[in-house]
Amino acid sequence: MQIMTQAGYDPRAMPRFFATMNQQSQLNQVENQFLPSFVRSHPLSNERLSESQSRAQQYPALSLSQQQRHQALFDLLYWRVQVTGKHASEVTLTTAAKNSLGAKLALMHWYGEQQRFTDANKVLAEISALSSTQRQSLEPLLSITHSQLLSEQGKWQQTVDVLESQQRLYPERRDLRLYLAEALTNSNQPIKAQALLKPLTEQQPSDRYAWQSLQLANEKLAKTTTSPQLANIATINALRYRSYDQLWNGRYESALTSLTQAKQLTENLQTTDQANSARPLLANINAELKAIKTAKDFKP
């Protein structure tokens with residue numbers, strides 16, 4: 001409860017949650033319901049309810065503006081989950097969108113997935129007509145949804161333009177980095193995409209989606225660059241990043257195969273004018289091969 005309060009949640013939500021659990025417990029009587037609490041893995045719901053009610057009173061109540069902000073955020077996330085989880089139909093979304101901005105945003109997302117771009121743009125126009133305060137309350141999810149609508153139409157540079165401003169405001173958000181990196185890669189800006197993605201793998205080496213995105217960025221760079229030297233390095237790095245994805249998926253043999261291919265290409269560069277750049281790259285690959293073999297042979 002202390003952590004919830006520090007994070008901005010209403011501590012009185014906990015006793016309300018326990019009250020719901022208690023009500024359901026009474027409605028669904030089960031065998032051994034009269035066991036004393038000390039032999040249970042968790043206290044009885046009514047005991048937890050009483051304790052949480054007492055503790056919640058020690059914290060100041062949320063202001064009306066805080067409550068409204070929480071309700072608006074819940075509305076956004078609820079409908080986002082409904083539409084991305086394929087739990088909402090057009091009828092459900094259209095009906096809810098009359099009174100819910102979260103549902104309206106989800107409806108735009110749904111239309112985009114159905115390739116109904118005219119309908120999606122109509123919803124976007126309605127949202128754009130809202131006050132700046134209302135639109136700001138929808139960010140960054142509004143920009144993310146708009147960018148997904150644009151990417152469905154292959155408008156990658158416009159997607160970049162929409163996401164870049166939000167990414168500057170929320171540099172810590174992983175989702176914005178990944179969406180923007182995809183757009184940059186597809187708009188022939190893979191070097192910028194790499195700059196966004198590498199911090200993610202440094203912060204969390206097991207981030208497979210980031211490794212996959214780095215692989216795609218380097219494959220794109222290898223295909224589009226006019227520099228044969230840069231194309232060689234990008235091809236090698238694409239194999240290296242693929243191996244990381246395979247490693248964290250537990251596919252050790254595949255990871256070793258990818259790295260072995262990268263090593264062979266790097267060794268070939270040692271007889272060319274790229275020998276200086278090949279040497280440190282080869283050292284990295286050898287270290288990565290060793291790490292994967294260690295992971296493969298590890299017996300917990």
For every helix of n ≥ 4 consecutive DSSP H residues, a contribution of -39,500 (n - 2.57) applies; sum these over the chain, divide by its total residues, and give [θ] at 222 nm rounded to the nearest 500 deg cm²/dmol.
-24000 deg cm²/dmol
Sum up the charges of everything whose Cβ sits under 11 Å from the Cβ of L101, counting Lys and Arg as +1 and Asp and Glu as -1, but leave L101 out.
+1
Relative to the longest principal axis of the chain, what angle (0 to 90°, nearest 10) does the C-alpha long axis of helix 208-224 take?
40 degrees
Could you check which residue among E51, E90, E152 shows the biggest mean-square fluctuation in a GNM of the chain with a 10 Å Cα cutoff?
E51
Modelled label-to-label distance, E202 and A13, 7 Å Cα→beta-carbon offset: nm?
3.4 nm
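How much length is gained on full extension from I3 to T272, taking 0.36 nm per residue of separation minus their Cα-Cα distance?
Details: separation 269, 0.36 × 269 = 96.84 nm, distance 5.86 nm.
Extending this stretch completely gives an extra 91.0 nm.
Would you mind computing Rg(Cα) / (2.2 N^0.38 Å) for segment 188-300, counting N as its residues?
Numbers: Rg = 14.0 Å, N = 113, 2.2 N^0.38 = 13.3 Å.
That works out to 1.06 for segment 188-300.
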Rounded to the nearest 10 degrees, the helix 252-269 long axis (Cα) sits at an angle to the longest Cα principal axis of the chain of 40 degrees
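Specify whether the C-alpha gyration tensor of the chain places it in the rounded, prolate or oblate class, a ≥ b ≥ c being the square roots of the eigenvalues: rounded for a/c under 1.5, otherwise prolate if a/b is larger than b/c and oblate if not. Write down the numbers at each step before the final one.
Values: a/c = 2.70, a/b = 1.51, b/c = 1.78.
Oblate shape, in that a/c is at least 1.5 and b/c is the bigger or equal ratio.
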Segments 234-240, 282-288 sorted - mean Cβ within 10 Å per residue, highest first:
234-240, 282-288
When the expected Rg is taken as 2.2 N^0.38 Å, what fraction or multiple of it is the alpha-carbon Rg of segment 79-207?
1.10
Between 0 and 90 degrees, rounded to the nearest ten: what's the tilt of helix 13-27 against the longest Cα principal axis of the chain?
70 degrees
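Below 15 angstrom from the Cβ of K296, what's the summed charge of the other residues (Lys, Arg +1; Asp, Glu -1)? Could you put the intermediate results ahead of the total?
On the way: positive: R251, K290, K293, K299; negative: E253, E288, D297.
Counting the neighbours of K296, the net charge comes to +1.
Since every read-out is calculated from the coordinates, none of them should be taken as a lab result. Treat the numbers as computed from the prediction; the structure is a model and nothing was measured. Cβ coordinates were reconstructed from backbone atoms using ideal geometry, including for glycine residues, and neighbour counts include every protein chain displayed.
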